[in-house]
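I have placed the structure first, in the form of structure tokens, so that the comments after it can refer back to it.
Nothing in this text is a laboratory measurement; each read-out follows from the coordinates by a stated rule. Quick caveat: nothing in here was measured; it's all calculated off a predicted structure. So basically every Cβ, Gly included, is an ideal-geometry build from the backbone, and we count neighbours across all protein chains shown.
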Amino acid sequence: MILTVTKYGNPVLRQKGARIETVTDEINKLIDDMFETMRSARGVGLAAQQIGKALQLAVIDVRGITDRPSSLELNGTSSDVEAFMPLVLINPEIKPLNDPIAGPEGCLSFPEMYADILRPESVEVRALNRNGEQFVFRCGGLLARAVQHEADHLNGILFIDRMSKADKEDLKPNLEDLQAETKAALKK
């Protein structure tokens with residue numbers, strides 16, 4: 001089922017997600033719905049907060065993205081990113097592996113808004129999969145950027161919080177309009 005994507009101005013986007021202790025049928029249904037919603041919106045990642053649920057749950061799928069390559073390392077060996085997708089992250093822990101570099105980002109909760117964001121080029125990730133099993137991997141490129149962007153959402157951090165002051169100032173009228181529209185819709 002395609003869910004409504006929560007837009008900037010909705011307080012749930014600022015909530016830290018609750019840890020998921022048990023992967024239930026309800027959580028697995030939510031995961032399926034999140035993938036369907038993300039694909040429908042043409043995104044590469046979606047956090048639970050973006051569909052109105054304050055949980056430590058995100059989905060990612062970078063298959064088919066060729067202009068912004070990704071890298072993946074499993075057990076110290078370079079691995080096929082496409083074969084690793086789609087990716088479910090439950091209770092993820094992210095460890096940066098190098099210095100931040102600037103790269104373009106957008107967000108489904110901020111339609112048609114983009115900016116360069118500083119993030120480490122590669123990270124190590126420890127999380128649970130949809131079966132509740134722990135797994136660890138290292139990634140770089142777009143996949144690392146998507147993982148970090150979604151992990152931020154799970155902690156109530158938005159990509160506008162990581163923008164340069166100049167970029168945020170350029171987007172200020174759009175941000176104010178979106179926030180006002182969202183708040184008005186919430187009152188209905």
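A DSSP coil position with no more than 16 other Cβ atoms inside 10 Å describes the following GluC sites (Glu not before Pro) in segment 1-84: E21. Here is how the number arises for the chain: DSSP H runs of 4 or more residues each give -39500 (n - 2.57), the sum is divided by the residue count, and the result at 222 nm is -10000 deg cm²/dmol. Length available on full extension from D167 to K16: 0.36 nm per residue minus the Cα-Cα distance, which gives 51.9 nm.
Within the shell defined by Cβ-Cβ distances under 13 Å, the residues around T182 carry a net charge of +2, with Lys and Arg each +1 and Asp and Glu each -1.
Between the amide H of S71 and those of G140, G141, L142, L143, A144, distances stay under 5 Å, these residues lying 5 or more places away or on another chain, with hydrogens modeled in the peptide plane. Per residue, the Cα convex hull of segment 11-187 amounts to 117 Å³.
The listed peptides 116-124, 42-50, ordered by packing as a protection proxy, come out as 42-50, 116-124 (highest mean of other Cβ atoms within 10 Å first). Measuring against 24 Å, Cα to Cα, the residue pairs K29/K168; K53/K188; K7/K172 contain K29/K168 as the ones spanning a longer distance.
What separates the Cα centres of segment 71-115 and segment 153-188 is a distance of 22 Å. For segment 1-77, the alpha carbon positions stretch 37, 28, 24 Å along the principal axes, listed from largest to smallest. Annotation: for a label point projected 7 angstrom from Cα along Cα→Cβ of D177, residues of segment 95-130 with backbone N closer than 18 Å are 107-115.
Contour minus end-to-end for A185 and D116, with contour as 0.36 nm per residue of separation and end-to-end as the Cα-Cα distance?
Difference between extended and current length: 21.9 nm.
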